[in-house]
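The values are calculated or read from the model by the stated rules, or taken from the named source; none is laboratory data. Just so it is clear, the model here is predicted, and its values are computed rather than measured. Ideal geometry is used to build each Cβ from the backbone, glycine not excepted, and the neighbour counts take in all protein chains shown.
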């Protein structure tokens, strides 16, 4: 039975707390001109949340039905992405850790030292450094927008005008797992003992923000579409193709679940590391 995300859940998804958090982030950021990423991101997410809530309230049809139906694979992908984001948020605030940094600057503290380096040489572990890689990670997470049937129906089909475009969109949705898989393998091998202070934190956070934007945009498009939940794949693609695409999503979701579990284990193993005593070949 498909899982349902109702309009009530979306309305409860925190426009007001997000606005409060945005204001706090602006006030608490002493280097706003140097580290503006966190406040700007929160402003955009808050705006999306208010728009989604507005269209959900405005559209009476939405109130009578869920705005989004998802299969098990999609639920795994969104759920595990959310779990990974919460893990990184916990790390950003440094609960029960000794990382330094500042959440309002998207600063995870100092990275582990390279062999031969002193504490004064340590680099800061900051997400969204206005580099190409930062936005590349974000765009990869943003491919999650193709998990939404409303995006397939109202954007993909009108643009590509062929049912085969739905297959391409589905494959793009599954590509959201590529970067976290690569990142966990790379950091796990090169910086397993210092994982909590590795670049996984800032890189995965950039990816996670992309996922958050994608999910909110997907929900907004679904709300604007009037609560229609029809999946065009079911009417325009062969049953065998539908089953294959759903299986691929399920496998992708399972892989992302494994990544999340691995990240939790590596974080736990390296959580209480002392920066001045840690050395790694990875940044």
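Data for the structure
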item	result
Number of the exception - residue 183 against (1) touching a residue at least 60 places away in the same chain (Cβ under 8 Å); (2) under 30 Å from residue 39 (Cα atoms); (3) under 21 Å from the mean Cα position of the chain (by Cα); (4) assigned to a helix (DSSP H, G or I)	(1)
Flag for residue 204 being buried (at least 20 other Cβ atoms within 10 Å of the Cβ), more than 23 Å from residue 222 (Cβ to Cβ), out of contact with any strand residue (DSSP E or B) (no Cβ under 6 Å at 6 or more places or on another chain) and in contact (Cβ under 8 Å) with a residue 60 or more places away in the chain	yes
Test: residue in the range 157-175 that is assigned to a helix (DSSP H, G or I), modelled with pLDDT of 80 or more and closer than 23 Å to residue 46 by Cα	no
Unique residue being modelled with pLDDT under 85 and more than 15 Å from the chain's Cα centre (by Cα) when the list is 241, 247	241
Unmet requirement for residue 189, which otherwise passes all of (1) surrounded by fewer than 23 Cβ atoms within 10 Å (Cβ to Cβ); (2) over 30 Å from residue 95 (Cα atoms)	(2)
The range 83-105, residues that are out of contact with any helix residue (DSSP H, G or I) (no Cβ under 6 Å at 6 or more places or on another chain) and either without any contact (Cβ under 8 Å) to a residue 40 or more places away in the chain or at positive phi (or both)	86, 89, 90, 94, 95, 96, 100, 101
Residues that are within 20 Å of the chain's Cα centre (by Cα) and surrounded by 15 or more Cβ atoms within 10 Å (Cβ to Cβ), drawn from the range 15-34	15, 18, 19, 21, 22, 25
Residue ID - farthest from residue 34 (Cα to Cα), chosen from residues in the range 158-175 that are touching a helix residue (DSSP H, G or I) at 6+ places or on another chain (Cβ under 6 Å) and in contact (Cβ under 8 Å) with a residue 12 or more places away in the chain	163
